[in-house]
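Visitor: I have a structure here, written as structure tokens, and I will follow up with some questions on it.
The values are calculated or read from the model by the stated rules, or taken from the named source; none is laboratory data. Computed from a prediction, not measured in an experiment: that's the story for all the values here. As a convention, Cβ positions derive from the backbone with ideal geometry for all residues, glycine included, and neighbour counts pool all protein chains shown.
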Amino acid sequence: MDQTSNAPLHLCHVNRLTIFINRTYAVIHSIALSFLLYYRASFFFQDTKTPIFPSLIVFAAELLFSFEWLLTQAYRWRPVSRTTFPERLPEDDKLPAIDVFICTADPDLEPTVAVMNTVISAMALDYPPEKLHVYLSDDAGADVTLNGMREAWTFAKRWIPFCKRYKIKCRSPKAYFSAAKDENEDGDFGGTDFIQERQIVQEKYEVFKGRVGEYARHGDTGSSKRGDHSAVIEVIQESSSNHIEENEAKDMPLLIYVSREKRPSHSHHFKAGAINVLLRVSGVISNSPFILGLDCDTNCNDPSSARRAMCFHLDPKLSPSLSFVQFPQKFHNISKKDIYDSQYRSIFKVLWQGLDGLQGPAMCGTGYYIKRLSLFGKSLKDDHKDLMELRQSVGPSNEFITSLLGNYNPNMKMAQLAHIAETQQLASCTYEDGTKWGEEAGFLYASVAEDFWTTFASLHCQGWNSVYCNPPRPQFLGRGFTNLNDFLVQGTRWSSAVVDIAISKYCPLIYGPSQISFLQRMCYAWFPISPICQLFSLWCLATIPQLCLVNGISLYPEVSNSYFWIFSFVLLSSVSRHLYEVLTTGASLQHWVYEQRIWMMNAVTSHLYGTLDAFMKKFGWREASFSISNKVDDIEQLKRYHAGVFDFQTSVLFLVPLASLVILNVASLCAGIARMIFLGELEKLFIQVFIPFYAVVINYPIIEGMLIRKDSGRIPPSVTLLSAIASIIFCVLGSIIFM
């Protein structure tokens, strides 16, 4: 590659017009909110017949909403975008080595063929193969996964040369062969040699897929020993190369299978624990200075991601303080009617660009290139050389300690010794006892949201920065949610994890040294606090105004009151701002409706149970748990998702709150319309009637699921009946208590 000595490896673009619009909006909306809150506060000093308790609850909800909105403005203070120039990187022999970490935990929920596609796509990255080392952590200790690795190695010997020879961009064989020819922007489809070789490689892939699938049906999936098995470390390259020629393997990356020891008597710390084991094992095998972290369902959709990341890591001005480069999560199975907002548009097209203009984004669990030594900042601070203190921090392994001191260049022959006591010790469940793993070294254990927590407490609070790289072509493609159950279960897990942080001494509002800026602190505070704010505010505003409407009690100013226009402006300003962001990031008006709906659903269900779970763990009423996202597709659910139809096959615990609130809002809307028509209370109750009207229109699919649909994805009649009873009980008790 050509290298221009004075040409930058990357550029940062600051959109000044967007910044001006964001800040102007923030000022105007803040003024309107101030008037609104003044109206609410002054109400308590007036002599009115309106009950105090409902007004106080609504005031508290509006205060929390306002506080949450204020925190989100930090994301919009200075959004930036970046461009990279991989062609300006130095020659291949001067590039640093990279270790790839892939984690899987359950072959029943994470199909082996799909996991191996991720492994193969990582092996096929456009990077010097001698400087690329791929590690798979298998927490299930399943023979089917180990066998899949061996099969993947064999197939990769044909797949990688094919991709490099014809400059194939999509390096996942499953994605490549399943795409239509006009969707693959790769290769020369008109060449006879290409067509013939493509056919041969595709036949090899079908053989590979069949062999892995057959073993998965009849082999050991690890279910009998899950949570109780010894460590297994195997270097696939060496163990599989006895029967092949030397030159067939020389251009292949190193491939290593790691299954750490797990015992019921020892805490394994979920994904963070698995990654920390990979940090130790890889430290004595390859010890690459940079690490690519991938979920087991995240395929490399473009081979240039490693070189793009190096455009930042090799910048002498940025590199000393740069911890990691984060690429956005994008998904291959997103429907045009993305009713579950599986693409996380707001996070990856708005929030992360805003964080990039401050100290950088948080890790997203996948698609990041991180500097290895940044994960040991406290242990290695001030060029720390005290071996005794290092042993207390990272454990007794001399080989691993040597790797951290910067002078360790492991001989690849060490790979032949992967089964010796050193790597077995590093992967044992007792190695971390008495050390600072999970506290100061590696990924942190305080929350199951290990990516967010590690970025905040261990990286940004220690002075490290990060950058967000979002090229036009997605570098990685994962699997998005295609049914309501998976979305709400994952939302509950995430809410529980971040609320853990909010109610701890490490809450970003009160924790953090001077290395982290005030705006960055606001951004970090929003994540753990938003579930609590949205939970309380949405539940209050979805019930209290409706209850008062049924009883003819006004909680909002009349149309003739000047403050009516303040409330109207705040509502219209919030809604139009969200619509503006949706449209300017390439989405549609219909998607804006989807986001409004799923935000409401998430707030009243996932945030509710996630927050309850966090408080139960706080008081010791239950232990932390980790649920694995189901990556097995259901055909009927997929059909409904692509048709834009909700699938309500989920827990009653999720359905009852959703259905109860919709029934309550429908009833209050009918009562409000009746009052406006027969009692002439239009001016008095206009805002209060509009609130349930808006909720009912946005959440119409729930009404459809209760009353109209007859398919298996509808809301069961028993749930509808139970929800109606709950709504009636709430109305009766609320009228007695609040009125």
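Visitor: Count, please, the residues in the range 114-166 that happen to be of a type in the set (S, T, N, Q), under 21 Å from residue 99 (Cβ atoms) and in a helix (DSSP H, G or I).
Guide: 4
Visitor: Filter the range 641-662 down to the residues that are crowded, with 22+ Cβ neighbours inside 10 Å and part of a helix (DSSP H, G or I) and list them by number.
Guide: 641, 654, 655, 658, 659, 660, 661, 662
Visitor: Can you give me the number of residues within the range 663-684 that are in a helix (DSSP H, G or I), touching a residue at least 60 places away in the same chain (Cβ under 8 Å) and either over 13 Å from residue 696 (Cα atoms) or touching an Asp or Glu at 6+ places or on another chain (Cβ under 7 Å) (or both)?
Guide: Residues in the range 663-684 being in a helix (DSSP H, G or I), touching a residue at least 60 places away in the same chain (Cβ under 8 Å) and either over 13 Å from residue 696 (Cα atoms) or touching an Asp or Glu at 6+ places or on another chain (Cβ under 7 Å) (or both): 6 in total.
Visitor: Now for a different question. Looking at the range 39-50, is at least one residue surrounded by 12 or more Cβ atoms within 10 Å (Cβ to Cβ), touching a residue at least 24 places away in the same chain (Cβ under 8 Å) and farther than 30 Å from residue 318 by Cβ?
Guide: Among the residues of the range 39-50, at least one is surrounded by 12 or more Cβ atoms within 10 Å (Cβ to Cβ), touching a residue at least 24 places away in the same chain (Cβ under 8 Å) and farther than 30 Å from residue 318 by Cβ, which makes the answer yes.
Visitor: So in the range 723-739, with the set limited to residues that are surrounded by fewer than 16 Cβ atoms within 10 Å (Cβ to Cβ) and not hydroxyl-bearing (Ser, Thr, Tyr), which one is modelled with the lowest pLDDT?
Guide: Among residues in the range 723-739 that are surrounded by fewer than 16 Cβ atoms within 10 Å (Cβ to Cβ) and not hydroxyl-bearing (Ser, Thr, Tyr), the one modelled with the lowest pLDDT is 739.
Visitor: Now for a different question. Does residue 401 satisfy the criteria of being among the aliphatic types (A, V, I, L, M), out of contact with any Phe, Trp or Tyr (no Cβ under 7 Å at 6 or more places or on another chain) and either modelled with pLDDT of 90 or more or crowded, with 18+ Cβ neighbours inside 10 Å (or both)?
Guide: Yes, satisfied.
Visitor: Among the numbered criteria (1) surrounded by 15 or more Cβ atoms within 10 Å (Cβ to Cβ); (2) among the hydroxyl-bearing types (Ser, Thr, Tyr); (3) farther than 22 Å from residue 342 by Cβ, which single criterion is violated by residue 718?
Guide: All conditions are met except number (1).
Visitor: How many of the residues in the range 67-112 are among the hydrophobic types (A, V, I, L, M, F, W, C), under 30 Å from residue 533 (Cβ atoms) and surrounded by fewer than 23 Cβ atoms within 10 Å (Cβ to Cβ)?
Guide: Count: 6.
Visitor: Shifting gears a bit: I'm checking my understanding of the structure. Among residues of the range 245-273 that are closer than 20 Å to residue 288 by Cβ and surrounded by fewer than 18 Cβ atoms within 10 Å (Cβ to Cβ), which one is modelled with the highest pLDDT?
Guide: So, considering only residues that are closer than 20 Å to residue 288 by Cβ and surrounded by fewer than 18 Cβ atoms within 10 Å (Cβ to Cβ), the one modelled with the highest pLDDT is 251.
Visitor: Here is a further query. If you go through the range 491-518, how many residues are surrounded by 19 or more Cβ atoms within 10 Å (Cβ to Cβ), over 14 Å from residue 449 (Cα atoms) and in contact (Cβ under 8 Å) with a residue 60 or more places away in the chain?
Guide: Final tally of qualifying residues: 1.
Visitor: Follow-up question, since we're still on this one. Restricting to the range 561-605, and then to whatever is in a helix (DSSP H, G or I) and among the polar types (S, T, N, Q), can you tell me which residue is farthest from residue 692 (Cα to Cα)?
Guide: 584
Visitor: Do we have any residue at all in the range 507-518 that's at pLDDT 90 or above, of a type in the set (Val, Ile, Thr) and either farther than 29 Å from residue 141 by Cβ or more than 20 Å from the chain's Cα centre (by Cα) (or both)?
Guide: no
Visitor: Does the range 573-622 hold any residues that are touching a Phe, Trp or Tyr at 6+ places or on another chain (Cβ under 8 Å), more than 19 Å from residue 659 (Cα to Cα) and aliphatic (A, V, I, L, M), and which are they?
Guide: 579, 582, 583
Visitor: Something else now. Determine if the range 549-557 includes at least one residue that is at negative phi, hydroxyl-bearing (Ser, Thr, Tyr) and part of a helix (DSSP H, G or I).
Guide: Taking every residue of the range 549-557 in turn, none turns out to be at negative phi, hydroxyl-bearing (Ser, Thr, Tyr) and part of a helix (DSSP H, G or I).
Visitor: Could you look through the range 268-287, keep only residues that are small (Gly, Ala, Ser) and assigned to a helix (DSSP H, G or I), and pick out the one that is nearest to residue 105 (Cα to Cα)?
Guide: Checked the range 268-287; the qualifying residue nearest to residue 105 (Cα to Cα) is 274.
Visitor: Can you tell me which condition residue 528 does not meet? The list is (1) surrounded by fewer than 22 Cβ atoms within 10 Å (Cβ to Cβ); (2) over 29 Å from residue 731 (Cβ atoms); (3) of a type outside the set (Lys, Arg), and all the others hold.
Guide: Single failed check for residue 528: (1).
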